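The values are calculated or read from the model by the stated rules, or taken from the named source; none is laboratory data. All values reported here derive from a predicted model rather than from experimental measurement. We place every Cβ from the backbone using ideal geometry, glycine too, and count neighbours over all the protein chains shown. Ligands, DNA and RNA are stripped out before the accessible areas are found, and what is left, the full protein with its side chains, is counted by its heavy atoms. Shrake-Rupley method; radii C 1.70, N 1.55, O 1.52, S 1.80 Å.
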Amino acid sequence: MGRVAVVAVTVTVAVAACAVASVVVGRRVRSRRKWRRVLALLEELEEGCDTPVGRLRQVVDAMAVEMHAGLASEGGSKLKMLLSFVDRLPNGSEKGTYYALDLGGTNFRVLRVQLGGQRSSILEKDVERQPIPQHLMTSTSENLFDFIASDLKEFVERERDSSETSLPRRRELGFTFSFPVKQTSVSSGILIKWTKGFHIEDVVGREVSECLEQAMARKGLNMRVAILVNDTVGTLALGHYLDADTVAAVIIGTGTNACYWERTDAIIKCQGLLTSSGGMVINMEWGNFWSSHLPRTMYDIELDAKSPNPNDQGFEKMIAGMYLGEIVRRVLQRMSQEADIFGTDPSKTPMIAAMHEDDSPELAEVARIFREVLEIPDVPLKVRKLVVKVCDVVTRRAGRLAAAGIVGILKKIGRDGSGGITGGRSRSDARMRRTVVAIEGGLYTSYTMFREYLHEALIEILGEDIAQHVILKVTEDGSGTGAALLAATYSSNSVDSVQ
Ligand code: BGC
């Protein structure tokens, strides 16, 4: 090859190498730019979800103020503060066999509880869980209640004491119905609206115990609804049965809510309400709580707008299990749209607890969920780390806001320690009574990170001295068992009940 030719080849190779290099560099620059954009979005999310203790205290105050407003007049607040008509809680003397039906999430449960007449002596408990077929959640009243009544009938017949020779007299049922209900008595009430993805138009405005009793009659089941309660009220009943210092109950699962024991003279919207105990359980329906102090992001706004109940259940949409995964998905979708980090938009809701709690160095569980659930393979490690961070930010906000909600209740009833300050004594010296809050729901019981963030915030808001007197106690199947206990407490004929 002549010299000229050699030079020409060398130049061509050099030009080609430069071109490749500039493509590679260009790609790197673009990819760095995109990654910076992703990090900016993450930062924006962190700022938007920030819950420093000062802000949490504002939420606490707002919760207490709204509780007052909701008790003062009907429609006085987004917090409905619904009367439960439960003015006495089980005291341990309950005896007999009672049934409960617990409807309110993705599953429903039927229970049979045998009570021994001494506090803490639940002799036996049979529980059966069934998923609610998705189509029934948006079907008709008759379809939903017939399905439940059939299942209950089968359960009753299967579980019948072998000693029973003939069909016993009418059974007493505690019905846990975990949606906002305007109670008309301890055993009846009208559905105000559906939440948590249920949407059966012909039940709204109807008497729910009647819907169930009619279905039970259609199925030939001889049972009476002795008590109709929210799941929080059932949980409070069991909590109080096991520990008399229990003053409130909180559910944090698919949805979220709280109830507590209130003095009747504080229930101003119900002038002249008299109960022998001087108190009544109030179902707050705190899922609908709203305050300008809540840290709201564009993802919350979008989620709300696309939900079947826009402008409703604002607090619930920041806290409850039904929504956290969807918030995370929206964040990831935005990141993907702006910087193409996944190659395709995540269209399914990820399982955030499993991803968040993946402690393997390679984040293998995150990779598996992306591959198998979201159908997005080969997500690089740095992107998997980013996903975990997004889960963390969203869950941390949820846990901390739930803690603020709980302290809001304690403040309302004077159990946050602030009421005990007397001349010259510091807050930590204030006398604080042991205060138990019963708690249930999968987000709290099964999602360790969520629970830890909640506890951490509770201590931050209250201070360690006060927080040590506040005990969050998990009850098991309290929503249903508590309803059976209340059925016993309110049974028209506790002696007649199945023994
Ligand atoms: C409902 C409440 C219920 C809570 C927890 C909310 O969506 O409105 O009535 O207590 O979920 O199940």
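Points worth noting:
- Candidate set: the stretch 274-304, residues that are among the hydroxyl-bearing types (Ser, Thr, Tyr) and buried (at least 16 other Cβ atoms within 10 Å of the Cβ); chosen: the one nearest to Arg57 (Cα to Cα): Ser291
- Selection from the stretch 109-139 of residues that are in contact with a helix residue (DSSP H, G or I) (Cβ under 6 Å, 6 or more places away or on another chain) and either under 23 Å from Ile190 (Cα atoms) or part of a helix (DSSP H, G or I) (or both): Arg109, Val110, Leu136
- Just one of the listed residues (Phe315, Phe342) is under 30 Å from Val86 (Cα atoms) and either modelled with pLDDT of 95 or more or surrounded by fewer than 24 Cβ atoms within 10 Å (Cβ to Cβ) (or both), namely Phe315.
- Positions within the stretch 51-98 being among the hydroxyl-bearing types (Ser, Thr, Tyr), under 20 Å from the mean Cα position of the chain (by Cα) and within 20 Å of Leu401 (Cβ to Cβ), in sequence order: Thr51
- Checking each residue in the stretch 171-198 for being part of a loop (DSSP other than H, G, I, E, B), within 12 Å of the ligand (Cβ to nearest atom) and hydroxyl-bearing (Ser, Thr, Tyr) picks out Ser178, Thr195.
- Scanning the stretch 258-273 for residues that are open to solvent by 10 Å² or more (accessible area, probe 1.4 Å), closer than 17 Å to Leu79 by Cα and touching a strand residue (DSSP E or B) at 6+ places or on another chain (Cβ under 6 Å) yields one hit, Trp261.
- Within the stretch 487-496, the presence of a residue that is outside any loop (DSSP other than H, G, I, E, B), modelled with pLDDT of 95 or more and open to solvent by 20 Å² or more (accessible area, probe 1.4 Å) is excluded.
- Scanning the stretch 254-288 for residues that are near the ligand (Cβ under 8 Å from one of its atoms) and in contact with a Lys or Arg (Cβ under 9 Å, 6 or more places away or on another chain) returns Thr254, Gly255, Asn283, Glu285, Gly287, Asn288.
- Qualifying residue in the stretch 215-237 (condition: without any contact (Cβ under 8 Å) to a residue 40 or more places away in the chain and not assigned by TED's automatic domain parsing to the domain that holds Leu401): yes
- Here Ala237 does not fit the description of being in a strand (DSSP E or B), over 13 Å from the mean Cα position of the chain (by Cα) and crowded, with 24+ Cβ neighbours inside 10 Å.
- When the criteria are applied in full, Arg334 meets the requirement of being away from the ligand (no atom under 16 Å from the Cβ) and closer than 30 Å to Ser31 by Cα.
- Restricting attention to the stretch 94-130 and to residues that are within 16 Å of the ligand (Cβ to nearest atom) and open to solvent by 20 Å² or more (accessible area, probe 1.4 Å), the residue that is modelled with the lowest pLDDT turns out to be Thr106.
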